[in-house]
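J.: The structure that follows is given in the form of structure tokens.
Every number in this text was worked out from the coordinates using simple rules, so none of it is lab data. Note that the coordinates shown come from a computational prediction; the quantities given were computed from them, not determined experimentally. All Cβ positions, even for glycine, are placed from backbone atoms using ideal geometry, and neighbour counts span all protein chains on display.
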Amino acid sequence: MAGTYSPPFRPLSAEEDAALMQKINATNPDIVWVGLSTPKQERWMAAHVGQVRAPVLIGVGAAFDFHAGLKAQAPRWIQRSGLEWLFRLSQEPRRLWRRYLINNPLFVLLVVQQALGWRRHEMQ
């Protein structure tokens, strides 16, 4: 392990962000594991591609919390049935309701519309 960093619960200043990039790059990592929760970790990785010199950035969501025993994981049968999202929603409804009941169905709808040619998304 090359190091860890736990950011404050606010956006970093430009100076803090530059210092973080220096710190990460100084360790010469092969993989940077980002556990900030969705969608914050995806936004952070997209904003820092090209700045972080690691060849791989991986968003791990709650995996660190599961492995550290801080959050309960769904029983195996729930995981295998594809209902782990429902278990997690029951554990943290105030935090996850919007993601599972609004954002995810909207994402599926947009993917279907794009697949059918009804909507086009330009890559940036």
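J.: How far apart, in nm, are the 7 Å Cα→Cβ label points at Ala63 and Arg43?
T.: 2.2
J.: Which value, in debye to the nearest 20, gives the size of the charge dipole of the chain about its Cα centre, when Lys and Arg are +1 and Asp and Glu are -1 at the Cβ?
T.: In total the dipole reaches around 480 debye.
J.: Can you match P(r) over Cα pairs in 5 Å bins from 0, in percent to one of these, (1) 2, 12, 22, 27, 20, 11, 4, 1, 0; (2) 2, 9, 13, 18, 17, 14, 15, 10, 3, 0; (3) 2, 12, 25, 28, 22, 10, 2, 0, based on a calculation from the structure here?
T.: Evaluating P(r) over Cα pairs in 5 Å bins from 0, in percent on these atoms matches (2).
J.: For the stretch 5-92, run through the chymotrypsin sites (Phe, Trp or Tyr not before Pro) and keep only the ones in DSSP coil with at most 13 other Cβ atoms within 10 Å of their Cβ.
T.: In loop regions of the stretch 5-92 (DSSP not H, G, I, E or B), the sparsely surrounded chymotrypsin sites (Phe, Trp or Tyr not before Pro) are Tyr5, Phe9.
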